[in-house]
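Here's the structure we're looking at; comments come further down.
Just so it is clear, none of the values below were taken in a lab; they were calculated from the coordinates. This is a predicted model, so every value here is computed, not measured. Cβ sites come from the backbone with ideal geometry, for glycine too, and all protein chains shown count toward neighbours.
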Amino acid sequence: MLKGKTILLGVTGSIAAYKIAGLASALVKAGASVHVIMTENAVNFINPITFETLTGHKCLVDTFDRNFEFSVEHVSLAKAADLFLVAPASANVIGKLAHGIADDMLTTTFMACTCPKLVSPAMNTRMYENNILQDNLKTLGHYGIEVIRPADGYLACGDTGAGKMPEPETLFEYILRAAGYPKDLAGKKILVTAGPTRESIDPVRYITNHSTGKMGYAIAKAAAYRGAEVTLVTGPVALKPPLFVNTVPVESAEEMYEAVTAAAEAQDIIIKAAAVADYRPSQTAEDKIKKADGNMDIALERTKDILGWLGSHRRPGQFLCGFSMETRDLLANSRAKLEKKNADMIVANSLKTEGAGFGTDTNLVTLITKEGQTELPKMTKEKVADRLLDEIRNRLDFGL
């Protein structure tokens, strides 16, 4: 997604500057052309040669350096840039950026850029919480510059609190969202469900399934990176909540039903990728059921049909997509589900197909609509998510 993109990294005088070497390396590996601009104070924390070795480009510090590649370096870089990230951003440089002071290569280039800009503050907690600094951050936001909230933690000065620069992996995701995806879903509200549900038998045991949530999480992430406002209602999984997504954790089918129905009215698109239990114990024991001789029967009752409810309560113009996992008669069962649930699309896959199903990093699905079906080749779940969103967006664009 970043191949061929030009990314500018502005590094200021902060102990966190050494971490940007890892970020620069990751961006180069992703195919980006990376240029690093440092303040004079930043070179006290990390040598420019480090960045030059990692990026293959001269690291710029001096505005009047005659050894440049372009006639007017800061203007040429500004024109070429797809994104400018200042990280770590010191309080001093934040003040300059907020008030248009351009007195070195970093601030001059920043002023000349019209591409998306990100600023990641890193400093002592007291400095970060200072009202002047907070006003400067608000000013940056006023001018359309995204401020990445610092993490809480142990700081180099010995204090503990806000002001810690996020890890390079997190900064990479911010860059990826800002420069790596088209914003073709901007303005859309999308609800995604993911993962399994757990239906308690007693305080110790529960009924569940093998869903890991990978497919639903991939859809939620892709939708958010493409500009949508995303709500992810997720059962219990071993995955980190995706950035830029409103994550609503639930446990049982009933809890998922309540969360989904409460949010459904406001959504433009609903994608139900969760594997919700069809049945739950009709009674949950208050204490652990002790083992006894012989067999034990557990009476089950139906859970509420979330997709069915959505199909019968959908508002005009809302797009509804469900998932169908089958072990036989995949297409027939999935098409029947499409009609019964009053959905616009069913994403069908077979548990018996290699590379599809629970726990895998790939999937092989067929997109079924009233007009026909599209079988996708085996691909990563991230690519499936993008293809699915492409299909939904195109159908909304053409009113299908």
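Counting only C-alpha contacts under 8 Å and six or more residues apart, can you give the relative contact order of the chain as a whole percent? Please list the in-between numbers first.
On the way: 825 pairs, mean separation 42.0, N = 400.
The value is 10 percent.
Expected output is a single nm value to one decimal: the length gained when fully extending between residue 184 and residue 332, i.e. 0.36 nm times separation in residues minus the C-alpha distance. What is it?
Working: separation 148, 0.36 × 148 = 53.28 nm, distance 3.27 nm.
That works out to 50.0 nm of additional length.
Note the direction-averaged projected area, equal to a quarter of the hull surface, for the Cα convex hull of the stretch 6-179, in nm². Don't jump to the answer; show the numbers that get you there.
Details: hull surface 35.7 nm².
Projected over every direction and averaged, the Cα hull of the stretch 6-179 covers 8.9 nm².
Where the centre of each part is set by its Cα atoms, how far does the stretch 242-289 sit from the stretch 333-368, in angstrom?
Each part's Cα centre sits 20 Å from the other's.
Sort out the exposed loop chymotrypsin sites (Phe, Trp or Tyr not before Pro) in the chain (DSSP loop, at most 14 other Cβ within 10 Å) and tell me the longest stretch that has none. Intermediate values should be presented prior to the final figure.
On the way: sites that count: 64, 70, 143, 398.
Here the longest run is 144-397.
Once amide H atoms are built 1.01 Å from N in the peptide plane, which residues 5 or more positions from residue 36, or in another chain, come under 5 Å H to H?
For residue 36, the qualifying residues are 9, 60.
When a/c is below 1.5 the answer is rounded, else prolate if a/b is larger than b/c, else oblate, so apply that to the stretch 10-64 with a ≥ b ≥ c taken from the square roots of the Cα gyration tensor eigenvalues. Display every interim value, and only then the final one.
Values: a/c = 2.20, a/b = 1.38, b/c = 1.59.
Oblate shape, in that a/c is at least 1.5 and b/c is the bigger or equal ratio.
DSSP loop (so not H, G, I, E, B), at most 11 other Cβ within 10 Å: list which GluC sites (Glu not before Pro) in the stretch 249-338 pass both filters. Write down the numbers at each step before the final one.
On the way: sites: 251, 254, 255, 258, 265, 286, 301, 326; in loops: 251, 286.
When the GluC sites (Glu not before Pro) of the stretch 249-338 are filtered for loop state and at most 11 Cβ neighbours within 10 Å, 286 remain.
If each Cα of the stretch 268-400 is one equal point scatterer, what is log10 of I(q)/I(0) from the Debye formula at q = 0.11, 0.12, 0.15 Å⁻¹?
-0.49, -0.57, -0.79
Which value at 222 nm does the chain reach when only helices count, each DSSP H run of 4 or more adding -39,500 (n - 2.57), with the total divided by all residues and rounded to the nearest 500 deg cm²/dmol?
Numbers: 13 runs with 130 residues, N = 400.
For the chain, the value works out to -9500 deg cm²/dmol.
Along each of its three principal axes, how wide is the spread of alpha-carbon positions in the stretch 307-366, in whole angstrom units, largest first?
Sorted from largest, the Cα extents of the stretch 307-366 read 38, 23, 15 Å.
With θ set to phi - 60° and the Karplus curve 6.51 cos²θ - 1.76 cosθ + 1.60, what are the ³J(HN,Hα) couplings of the stretch 145-155 in order, to the nearest whole Hz, using x for Gly and Pro?
Couplings: 9, 7, 9, 8, 5, x, 7, 8, x, 7, 9 Hz.
How far, in degrees from 0 to 90, does helix 168-179 lean away from the longest principal axis of the Cα atoms of the chain, to the nearest 10?
Around 90 degrees separate the two axes.
In a shell of Cβ-Cβ distance under 10 Å around residue 88, excluding residue 88 itself, what net charge do Lys and Arg (+1) and Asp and Glu (-1) give? Walk me through the numbers on the way to the answer.
Working: positive: 19, 164; negative: none.
Residues close to residue 88 contribute a combined charge of +2.
In the neighborhood of residue 244, defined by Cβ-to-Cβ distances under 9 Å, what is the net charge if each Lys or Arg adds +1 and each Asp or Glu adds -1?
On the way: positive: 177, 221; negative: 173.
For residues surrounding residue 244, the net value is +1.
Please tell me the relative contact order of the stretch 205-298 in percent, rounded to the nearest whole number, where contacts are Cα pairs under 8 Å and at least six residues apart. Provide the component values of the computation, followed by the final result.
Details: 78 pairs, mean separation 24.1, N = 94.
Relative contact order for the stretch 205-298 comes out at 26 percent.
From largest to smallest, what semi-axes in whole angstrom does the stretch 158-287 give when each is the square root of 5 times an eigenvalue of its alpha carbon gyration tensor?
Numbers: eigenvalues 189, 81, 30 Å².
Taking √(5λ) for each eigenvalue gives 31, 20, 12 Å, largest first.
Mean separation of Cα pairs under 8 Å and 6+ residues apart, divided by the residue count of the stretch 279-355: what relative contact order is that in percent?
On the way: 77 pairs, mean separation 21.1, N = 77.
Computed over the stretch 279-355, the figure is 27 percent.
With all pairs of different alpha carbon atoms counted, what Kirkwood hydrodynamic radius in Å does the stretch 78-225 show?
On the way: mean 1/r = 0.0551 Å⁻¹.
Kirkwood hydrodynamic radius for the stretch 78-225: 18.1 Å.
What is the diffusion coefficient of the chain in µm²/s, taking the Kirkwood radius over Cα pairs and the Stokes-Einstein relation at 20 °C with a viscosity of 1.002 mPa s? Numbers along the way, then the final one.
Values: Rh = 23.8 Å.
It diffuses with D of about 90 µm²/s by this estimate.
For helix 253-263, what angle does its Cα long axis make with the longest principal axis of the chain, in degrees from 0 to 90 and rounded to 10?
60
For the stretch 198-211, just list the computed ³J(HN,Hα) in residue order, Karplus coefficients 6.51, -1.76 and 1.60, θ = phi - 60°, integers in Hz, with x standing in for Gly and Pro.
So the Karplus estimates, Gly and Pro as x, are 10, 10, 5, 8, 8, x, 10, 10, 8, 9, 8, 9, 8, 4 Hz.
Looking at the stretch 1-35, which trypsin sites (Lys or Arg not before Pro) are DSSP coil and have at most 10 other C-beta atoms within 10 Å of their C-beta? Working shown, then result.
Numbers: sites: 3, 5, 19, 29; in loops: 3, 5.
Here the sparse-neighbourhood loop sites are 3.
What is the angle, in °, between the Cα long axis of helix 214-225 and the longest principal axis of the Cα atoms in the chain? Nearest 10 is fine, range 0 to 90.
Tilt relative to the chain: about 40 degrees.
Per residue of the stretch 377-386, in order, report the coupling 6.51 cos²θ - 1.76 cosθ + 1.60 (Karplus, θ = phi - 60°) as ³J(HN,Hα) in whole Hz, putting x for Gly and Pro.
Once rounded to whole Hz, the list reads x, 5, 8, 5, 5, 5, 6, 4, 4, 5.
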